[in-house]
Amino acid sequence: MRHVTHGIRTPHISRLAGIATLVVAAAFTGTGTALAHSTGASAVDQKVDGVMVVAGNSCSWTNASTSAVPPNALTVDRTTINAPGGNLACGGGIAATLNNNPAFTFDEAAGTARTDLIDITGRQSFISCRYKATGIVWDRDATSGKYVNRAFTAAKASGSFLCPGSVTTPAGDASMLFH
């Protein structure tokens, strides 16, 4: 049996946990970057793209469906992010799944958005880690209209004993673009 030191595994586990947290944040709280639209936008315009970077690896998706357009309160449909209906993909050998439909509320005057809950599972090899983050705040970039995350911590909900008990996502590591 080959000996593998704990130090070698830790970067992979931390990266997995971080990606899971970012995916959650960016996907709907995610899990992001959003472009505000008028309330008269059509259903075709009710989409969101998301990007998150963790330990040098990127997770992203495009054209996930939303229940409305900003600044109206909305939810993001996880089935349009996760495969097979969506195109969520991560680098670094990590797979992620969004477990809930995140709800967003917007404060146009403050230029912020809030996500109620992001529940995501990240997998790498045989290790699976599930994390939940609540009350995530996003700031709208005045130039691009994207919403970018403030720093937040996600708590481990379940998974391998190798998964960290919590992971912190730095500000700016996730963004969402509503269109």
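The values are calculated or read from the model by the stated rules, or taken from the named source; none is laboratory data. For clarity, every value in this text was computed on a predicted model and none was experimentally measured. FYI the Cβ positions are ideal-geometry reconstructions off the backbone, even for glycines, and counts take in every protein chain you see. Just so you know, the surface numbers come from the protein's heavy atoms only, side chains and all, with ligands and any DNA or RNA stripped out. Shrake-Rupley method; radii C 1.70, N 1.55, O 1.52, S 1.80 Å.
Of the residues making up region 70-102, those that are farther than 24 Å from ASP45 by Cβ and polar (S, T, N, Q) are THR97, ASN99.
Yes or no: THR115 over 21 Å from ASP173 (Cβ atoms) and at pLDDT 95 or above? No, not satisfied.
Is it true that ARG78 is among the charged types (D, E, K, R), under 14 Å from the mean Cα position of the chain (by Cα), farther than 13 Å from TRP138 by Cβ and at pLDDT 65 or above? So ARG78 fits the description; yes. Taking region 120-152 as the search range and keeping residues that are over 13 Å from the mean Cα position of the chain (by Cα) and among the aliphatic types (A, V, I, L, M), which one is surrounded by the most Cβ atoms within 10 Å (Cβ to Cβ)? Here the residue is ILE127. Taking the listed residues PRO84, PRO71, the one that is open to solvent by 60 Å² or more (accessible area, probe 1.4 Å) and of a type outside the set (A, V, I, L, M, F, W, C) is PRO84, with no other qualifying. Could you check, for region 153-162, whether at least one of its residues is open to solvent by 40 Å² or more (accessible area, probe 1.4 Å), among the basic types (Lys, Arg) and within 13 Å of MET52 (Cβ to Cβ)? No, region 153-162 contains no residue that is open to solvent by 40 Å² or more (accessible area, probe 1.4 Å), among the basic types (Lys, Arg) and within 13 Å of MET52 (Cβ to Cβ).
Pairs meeting the criteria (first residue in region 154-171 and under 15 Å from ASN99 (Cβ atoms), second residue open to solvent by 30 Å² or more (accessible area, probe 1.4 Å) and assigned to a loop (DSSP other than H, G, I, E, B), beta carbons under 6 Å, at least 6 apart or on different chains) are LYS156/GLY165. Within region 87-110, the set of residues being loosely packed, with under 15 Cβ neighbours inside 10 Å and under 21 Å from GLY135 (Cα atoms) comprises THR105, ASP107, GLU108, ALA109, ALA110.
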